[in-house]
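The values are calculated or read from the model by the stated rules, or taken from the named source; none is laboratory data. What you are looking at is a predicted structure, and each value in this text was computed from that prediction instead of being measured. Quick reminder, even Gly has a Cβ in these numbers, built from the backbone with ideal geometry, and neighbours come from all protein chains shown.
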Amino acid sequence: MPGFKNAIYKIIRPLGGLKIARYLSRNHPKILMYHRFSESGGNGKLSVDTFRSQMEILSAYFHPMTMKGLIQAFYSGNMPDNAVVVTFDDGYYDFYEYAYPVLKEFDIPATLFLTTGFINKDLWLWPDKIRYAIAKANKASFNLPGFPTCLNLDNKDDAWNEVADHCMKVSNKEKNQLIKCLYHELDVVEPKNAPKEFESLTWGQVKHLIENGIEIGSHSYSHPIMTKLDEKELLEELSFSKEQIFDELGIEVDIFCYPNGQITDFDARVKDALLRAGYSYAVAAFPGRSPLSDLLAIKRYPVNSSISMYEKNVFGLSFLRF
């Protein structure tokens, strides 16, 4: 089926198919999700040139908005045709270095979700800790508690995926213990602060972004899997993140971004805790035909370097199921 849909895309694109799809999906808001950037791309990062090409398309053919602007338009019944929202998760420094100048170049508003403990330099993100340890390892293989077999380092990306996937299935305490064990097993010293490749924005940079039209939301304090937290941990993650944003920026945020954001990463208990912590809206990390049908699970399109997938999503071919 994907091959058949790609064939259709290749046929209809030069025949004006994107323009038609854009019209037919004009009432379907496209909410885009980005993470990391670099000059040339690769290693899970989007190149600045690819990002610029994508923003050029949005500027020419769509109506860019912030998340709050989109929600307000939804409530008021004044949703513009071809609405699109550009969102960014985590708060890495490379957003400020590469993505923000492009947004400014095209005058595109955006929403940035901050992992506040990361921005505050209290911690660095646990998936990055795993990636760093595996990258620095000189062993061919290693053992970890909870894994039935020895993990092979011939392909370090595969090893990272195995460990990270396992960490998303266990409690926060177990995850942190496992990462400590990983460093021990690989004989790698864990840096106290995030290495340059994994650095966050500073609060000063975030203030500058806000002054220039970037909207801010919460992405938790430490980026845990919310369903793996007990009640106390859950409320602390939600409340502390909100309080840090207010203390540092003077902003009361009411929109949350679920870490990892898949269907198994939030549930009714997490949604209830969100409301009790003072949030009104939350975004997930997967698309849906009615992205605003559940305002505590707003759907988003992940973006990568594929121009064909990008065009299918923003022009509406994905929505139309082509």
Output the qualifying pairs, or none if there are none: Cβ atoms under 6 angstrom, residues six or more apart or on different chains, first residue in the range 148-173 and in contact (Cβ under 8 Å) with a residue 24 or more places away in the chain, second residue of a type in the set (Val, Ile, Thr) and not in a loop (DSSP other than H, G, I, E, B).
Ala159/Ile134; Trp160/Ile130; Trp160/Ile134; Val163/Ile130; Ala164/Ile130
Taking the range 240-280 only, how many residues are in contact with a Lys or Arg (Cβ under 8 Å, 6 or more places away or on another chain) and of a type in the set (Ser, Thr, Tyr)?
1
So Leu112, is it under 15 Å from Val303 (Cβ atoms), touching a Gly at 6+ places or on another chain (Cβ under 7 Å) and either without any contact (Cβ under 8 Å) to a residue 12 or more places away in the chain or buried (at least 18 other Cβ atoms within 10 Å of the Cβ) (or both):
yes
Select, from Leu201, Leu229, the only residue that is buried (at least 19 other Cβ atoms within 10 Å of the Cβ), at pLDDT 95 or above and over 22 Å from Phe88 (Cβ atoms).
Leu229
Checked Phe106, Phe147 against criteria (out of contact with any strand residue (DSSP E or B) (no Cβ under 7 Å at 6 or more places or on another chain) and more than 30 Å from Glu248 (Cα to Cα)); the one match is Phe147
Contacts under 7 angstrom Cβ, first residue in the range 288-314 being of a type in the set (Phe, Trp, Tyr), partner modelled with pLDDT of 95 or more and part of a strand (DSSP E or B), 6 or more apart
Tyr301/Lys30; Tyr301/Ile31; Tyr301/Leu32; Tyr301/Met33
Filter result for the condition that a residue is outside the structural domain of Thr227 (by TED's automatic domain parsing), buried (at least 19 other Cβ atoms within 10 Å of the Cβ) and of a type in the set (D, E, K, R), over Lys192, Lys175, Lys139, Lys156:
Lys175
Condition (residue is of a type outside the set (S, T, N, Q) and closer than 17 Å to Arg276 by Cα) applied to the range 204-219: is it met by at least one residue?
yes
Which one of these does Tyr132 not meet: (1) part of a helix (DSSP H, G or I); (2) within 22 Å of the chain's Cα centre (by Cα); (3) assigned by TED's automatic domain parsing to the domain that holds Ala282?
(3)
Every residue in the range 171-194 that is at pLDDT 95 or above, in a helix (DSSP H, G or I) and closer than 30 Å to Met67 by Cβ, please.
Lys175
Complete set of residues in the range 46-78 that are within 20 Å of Gly217 (Cβ to Cβ) and either at pLDDT below 95 or surrounded by fewer than 17 Cβ atoms within 10 Å (Cβ to Cβ) (or both)
Gln72, Phe74, Tyr75
Residue hits (the range 223-263; basic (Lys, Arg) and out of contact with any strand residue (DSSP E or B) (no Cβ under 9 Å at 6 or more places or on another chain)) are Lys228, Lys232
Restricting attention to the range 30-46, which residues are in a strand (DSSP E or B) and farther than 30 Å from Pro80 by Cβ?
Ser38, Gly42, Lys45
Sort out which residues of the range 57-102 are hydrophobic (A, V, I, L, M, F, W, C) and assigned to a loop (DSSP other than H, G, I, E, B), and write them in order of number.
Phe62, Met79
What tally of residues in the range 51-85 results from selecting those that are touching a Ser or Thr at 6+ places or on another chain (Cβ under 6 Å) and under 20 Å from Ile20 (Cα atoms)?
0
